[in-house]
1. Between THR220 and LYS35, what length in nm is gained on full extension when 0.36 nm per residue of separation is reduced by their alpha carbon distance?
2. If you add up the charges near TRP11, with Lys and Arg at +1 and Asp and Glu at -1, over every other residue whose beta carbon is less than 15 angstrom from its beta carbon, what do you get?
3. Give the lysines whose C-alpha is closer than 23 Å to that of LYS18, dropping any in the same chain fewer than 8 places away, or say none.
4. How far apart, in nm, are the 7 Å Cα→Cβ label points at GLN28 and ALA213?
5. Give me ASP129, ASP27, ASP214, ASP223 sorted ascending by neighbouring Cβ count inside 10 Å, so fewest comes first.
6. If neighbour count is taken as other Cβ atoms inside 10 Å, put THR128, THR31 in order from fewest to most.
7. Subtract the Cα-Cα distance of LEU202 and SER182 from 0.36 nm times their separation in residues, and report this length gain in nm to one decimal.
8. What span do the alpha-carbon atoms of region 75-127 cover on each of the three principal axes, reported in whole Å from largest to smallest?
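Every number in this text was worked out from the coordinates using simple rules, so none of it is lab data. Keep in mind the model is a prediction, meaning the values are calculated, not measured. Virtual Cβ from ideal backbone geometry, glycine too; neighbours counted across all protein chains shown.
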Amino acid sequence: MGNLLLVFVKWPEPGKVKTRLAQSVGDQEATRIYKLLVQQVIRILTPLFAPKAVESGMKEVTCWFFFTPRSRHEQTEYWLREEASYAGWMPEKVILKPQAGASLGMRLRAGFEQGFQAGFSKIAAIGTDCVELECSLMQEAWQKLSGDCDLVFGPTIDGGYYLVAMNQVESCAIFDEIPWSSASTLTVSLARAEQAGYRVNLLEKLSDVDTIADWQRAKTMIDSGRQ
């Protein structure tokens, strides 16, 4: 079936997205920035989902956009399809699914479990806060899962992670009781994985966008036209 990529997104409602950044720039500006980050991540992913990906013989990748809230399904689908179309995606590559669960851990677990139930054997998940992301990193994660590895994390400099990938549904247990959005998110996740006996590999460490300083760095990359 190829590999599966889960992209977790929110409808860009002021006061609901980039709340930490909003403390510095206000809700409206934080929402505008969030939409730019989503736009950039979609552009970064284009090599996986444009027609030339199929023509080049690249291993097929399926993308599921896990969105919230469910009540904004129609608006979110229109927004994401418009951004993906502008970036050059094939229309059939834009698939939306509602997030399920009260916490980030529950939502991640539900997404991976749905993917395994659908028959995918190698699944990666990302958010939309990291514009340093590259398609090659996701390909690297899937390659590692084909070898002597059960879990792959892409660490961020603030102690979290921009990517997590796995090849067995049992690994979803690592999402339980994690201190999300903290400096110890990755450390605790790695400890849980070690306790469970999972073989873990790490990708290169990148930055994500949570603060005004993060945004200033990311804005430079976006303005420079990096894909």
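1. 65.0 nm
2. Its environment carries a net charge of +4.
3. Partners within reach: LYS10, LYS35, LYS97, LYS205, LYS219.
4. 2.8 nm
5. ASP223, ASP27, ASP214, ASP129
6. Fewest-to-most ranking of THR128, THR31: THR31, THR128.
7. So the extension gain works out to 5.3 nm.
8. Taking max minus min along each principal axis of the Cα atoms, region 75-127 gives 31, 26, 16 Å.
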